[in-house]
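Novice: Dropping a structure here in structure tokens format, bear with me for questions.
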Amino acid sequence: MVVWTSSDPTLPEPTEPLYQRIVRSLEARIQTNPDAIALIKAENGYETKCSELLLMVQKLVTFFELRGIGKGDIIQGCTPNCPEYLAYVIAANAVGAVHLPFDPNNAETECRDIMRKYQAKAILSEEQHIDLVSRSSHGTDIKTIIGIRENKNKTIPPTVFDFDNIMKLEPADLNKQRYAYNPDDIAYMPTSSGTTGKPKGVIHTQKSLYRMAETLIEYSKKWDDEIGRTNDYTILQQQMYHIYGMMLHFRCLIRGETAVQLRLINPVLFFKCIEKYQPRMLQVTPFLVLAMTKHQEAANYNFSSVRAFFSTGSLIGREVAEDFMKKYPNVKIGQGYGLSEIGLITAPRYRGAQNEHLHLGTLIGGGSMKILDENGKELGYDEPGDIYIRNEALFKGYWKQPEATEAALIGGFYKTGDFGKMLPDGQLVFIDRKKDLVKVSGSFGVAAVEIEDSLLKILNIAEAAVVRVDHPVTVEAPYAFLVRKSTNITENEVWAHIKANLAPLKRPVGFEFVDQLPRNRMGKVMKNSLTEKLQAKKTAKA
């Protein structure tokens, strides 16, 4: 039986809910420095002290209890990064409620469907989305809508609870135990990213939530040892309604770091924050790596403090990685592998050869992995196949989707839907999402990222995304969407590059120029949207 296991130690079993760990860390910082800063808004520099964040949590706990919200109740968050949202999440864990985040940019029908599906009792929204949330909540179980006002002179609907008024309540005693701790109780329910299909509610328990946060903290310590830790600022463009963004915020609070929050992915603001706060390590997505390499404003900022970055969300292609290393030779590239269903799976090592930049690191402590072929046979080193994983943070299942749960959890392992291979040195090589592999000839699959990588070599191409389309001869074929840096490139030039640099079976059967690629708030390309766009064109022509 070929099952790889981590050589790193497994972390101790959690014996408390995560909020208690966070509260202790905040209290310790306050005792050392009453003016310690927990959060900074990147857009305006507004600072939130640890004491202010803790007080928000205490008053939100009081509010939840007054509204009858407690153990097992689902509450939703529908806002970009902000201090109020972080306090809301911690307070939810303190009363035993289940936090369900979702993207505030969903359409009204999508919002209503989510509210009905998960039967949430409360939702937090910021000013610009309050009307949408209020309309969407009609006919659902939501009886409590909390609104955050940026403009204090603006009124909000009388049916919405003003966050500022909640802050006038008496603070709750967080040392009081409000529910019996059970590590198997549901605590957190992010949705799968939805970049290749409809998102599902991913059930995480008190134990798996704690494990995900502690794992990130543990490996952050290792990275400190490898690259050094010069200051306590961490720039966070990752959103809290995404699992990794939430874990990063928890990590900052527990490790005593100051989180610089970006409301949106904004490359220029990200550059400004690097220059201002001088972090040694960056938490990024491939989109920002590409921006640091190709964005016209990047050269105007000082990135000399940066010694390494850790990228998650999707794979950085070879072309992007090599361009980055040429421009920033002193910065080490690290890529990790993680999913909503299990948190962080592999972690990079920053000591060693830089040519390992396309590997995704080794298994985290307590992790196991196997790779199977299409017939379920276990494969060995250097043999590509389907990735199956398990660790101490494995999810419990999908919300009210037993068939999807049964299909995903097989023999205690999670079937990721990803394609990769294990190297003899224990490093994982990610090839592509299996759904993004283009079957161009029988069992031969071409990774979309390989084609995208080639297209990015074209001088005036800024971004590329490749999807699968039906083909009468090869069954499937690649099709590309390209974003131009300027209009100084023609279709003939693109076709010339394709013919010169890609083997016949890897050549896109077509491409089109677009102004921008559809991305979620984490910067991941929404390939399902591109596929739907092509399908709509095909239907219109029929």
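Any read-out appearing in this document is the output of simple, stated calculations on the displayed coordinates, not a laboratory observation. All of these numbers come straight from a predicted model, not from anything done at the bench. FYI the Cβ positions are ideal-geometry reconstructions off the backbone, even for glycines, and counts take in every protein chain you see.
Novice: Using θ = phi - 60° and the Karplus relation 6.51 cos²θ - 1.76 cosθ + 1.60, list the HN-Hα couplings for the stretch 328-342 in order, rounded to whole Hz, with x at every Gly or Pro.
Specialist: 10, x, 8, 9, 8, 8, x, 10, x, 10, x, 9, 4, 6, 8
Novice: Once R0 is set to 30 Å, what does the formula 1/(1 + (r/R0)^6) return for the Cβ-Cβ distance between M167 and Q119, expressed as a FRET efficiency to the nearest 0.05?
Specialist: E between M167 and Q119, to the nearest 0.05, is 0.60.
Novice: How big is the antiparallel share of DSSP beta bridges in the chain, given as a percent to the nearest 5? Present the calculation step by step, with values, prior to reporting the outcome.
Specialist: Working: 47 of 83 bridges.
Once the DSSP bridges in the chain are tallied, antiparallel ones form about 55 percent.
Novice: Between Q128 and N33, what is the label-to-label distance in nm when each label sits 7 Å out along the Cα-to-Cβ direction?
Specialist: It is 3.2 nm.
Novice: Along the charge dipole of the chain, Cβ charges K/R +1 and D/E -1, which of A122, F395, A259 sits furthest on the positive end?
Specialist: Selected residue: A122.
Novice: Amide H neighbours of G336 under 5 Å, counting only residues 5+ apart in sequence or on other chains, H built in-plane at 1.01 Å?
Specialist: S311
Novice: Fewest Cβ neighbours within 10 Å first, please rank R135, R390 accordingly.
Specialist: If I rank by nearby Cβ atoms, fewest first, I get R135, R390.
Novice: For the residues L394, L315, what sequence is obtained by ranking on other C-beta atoms within 10 Å, fewest first? The partial results should precede the final answer.
Specialist: Details: L394 22, L315 27.
By the 10 Å Cβ count, ascending: L394, L315.
Novice: So, one more: Multiplying the sequence separation of E532 and T5 by 0.36 nm and subtracting their Cα-Cα distance, what value in nm do you get? Mind dumping the intermediate values first?
Specialist: Numbers: separation 527, 0.36 × 527 = 189.72 nm, distance 3.94 nm.
That works out to 185.8 nm of additional length.
Novice: Per the helix-only calculation at 222 nm, which mean residue ellipticity applies to the chain, given -39500 (n - 2.57) for every DSSP H run of n ≥ 4 and division by its residues, nearest 500 deg cm²/dmol? The partial results should precede the final answer.
Specialist: Working: 15 runs with 173 residues, N = 542.
It comes out at -10000 deg cm²/dmol, rounded to the nearest 500.
Novice: OK, next. Please work out the Cα center distance from the stretch 72-114 to the stretch 408-431, rounded to the nearest Å.
Specialist: After rounding, the separation between the Cα centres reads 31 Å.
Novice: Could you go through the stretch 147-157 in sequence order and give the Karplus-derived ³J(HN,Hα) for each residue, using 6.51 cos²θ - 1.76 cosθ + 1.60 with θ = phi - 60°, rounded to whole Hz, and x for Gly and Pro?
Specialist: x, 9, 9, 7, 8, 5, 8, 8, 8, 10, x
Novice: Once you've got the Cα coordinates, tell me which of K221/K327; K121/K207; K200/K421; K276/K327 are over 25 Å apart.
Specialist: Flagged as over cut-off: K221/K327; K200/K421.
Novice: So, one more: As an exercise, use a Förster radius of 45 Å and the Cβ-Cβ distance of H471 and A107 to find the FRET efficiency, rounded to the nearest 0.05.
Specialist: 0.90
Novice: Determine, for C252, C82, the number of other Cβ atoms within 10 Å of each Cβ, and report the residues in order from fewest to most.
Specialist: Ordered from fewest to most neighbouring Cβ atoms within 10 Å, C252, C82 come out as C82, C252.
Novice: Extending each Cα 7 Å along its Cβ direction at V509 and T15, get the distance between those two points in nm, one decimal.
Specialist: 6.2 nm
Novice: Regarding the chain, what's the average projected area of the Cα-atom convex hull, expressed in nm²?
Specialist: 26.1 nm²
Novice: Also, I was wondering about something else. Antiparallel as a % of all DSSP beta bridges within the stretch 49-180, to the nearest 5?
Specialist: Here the antiparallel bridges make up roughly 0 percent for the stretch 49-180.
Novice: Moving on. In nm, give the distance between the simple-model label positions of R229 and D184, each being 7 Å from the Cα along the Cα-to-Cβ direction.
Specialist: Distance between the two pseudo-spin positions: 3.5 nm.
Novice: Provide the per-residue ³J(HN,Hα) series for the stretch 280-289, in order, calculated from phi with Karplus coefficients 6.51, -1.76, 1.60 and θ = phi - 60°, each as a whole number of Hz, with x at glycine and proline positions.
Specialist: 8, 10, 10, 9, 9, 10, x, 4, 6, 5
Novice: About its Cα centre, what dipole magnitude does the chain give when the only charges are +1 on Lys and Arg Cβ and -1 on Asp and Glu Cβ, stated in debye to the nearest 20?
Specialist: Charge dipole, the chain, about its Cα centre: 500 debye, nearest 20.
Novice: Turning to a different aspect of this structure: Going by alpha carbons, how many degrees (0 to 90, nearest 10) lie between the helix axis of 267-277 and the longest principal axis of the chain?
Specialist: Helix 267-277 sits roughly 60 degrees off the main axis of the chain.
Novice: If you stretched the chain out fully between A299 and E403, how much longer would it get, using 0.36 nm times the residue separation minus the C-alpha to C-alpha distance?
Specialist: Values: separation 104, 0.36 × 104 = 37.44 nm, distance 5.08 nm.
So the chain would gain 32.4 nm between A299 and E403.
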